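Below is one structure, written out as structure tokens; the observations come after it.
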């Protein structure tokens, strides 16, 4: 009845999603509203995030570029895969 036994269906957890996006461009939105866009290097169980080629956006405007960045997990609102390439702007 739960639908778990359907043919061809696989259950994907949030942890599976996070593992699958390592090394890919992501957007990390903080509770403050600031966006960080870059390559997801790694993250841990507390949602602490290490990024490479990081760009900081405030109100959609590029404010700064960092080589590497570390974001503490309690500041993260969400992580999203980026559809655009880095450097394209907002």
All conditions in (1) surrounded by 10 or more Cβ atoms within 10 Å (Cβ to Cβ); (2) touching a helix residue (DSSP H, G or I) at 6+ places or on another chain (Cβ under 9 Å); (3) at pLDDT 95 or above are true of residue 46 except (3)
I want to confirm something. Restricting to region 22-43 and keeping residues that are in contact with a helix residue (DSSP H, G or I) (Cβ under 8 Å, 6 or more places away or on another chain) and more than 11 Å from residue 78 (Cα to Cα), which single residue is surrounded by the most Cβ atoms within 10 Å (Cβ to Cβ)?
43
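The values are calculated or read from the model by the stated rules, or taken from the named source; none is laboratory data. Every value quoted in this text rests on a predicted model; they were computed, and no experiment measured them. Using ideal geometry, Cβ is built from the backbone for each residue, glycine included, and neighbour counts are taken over all protein chains shown.
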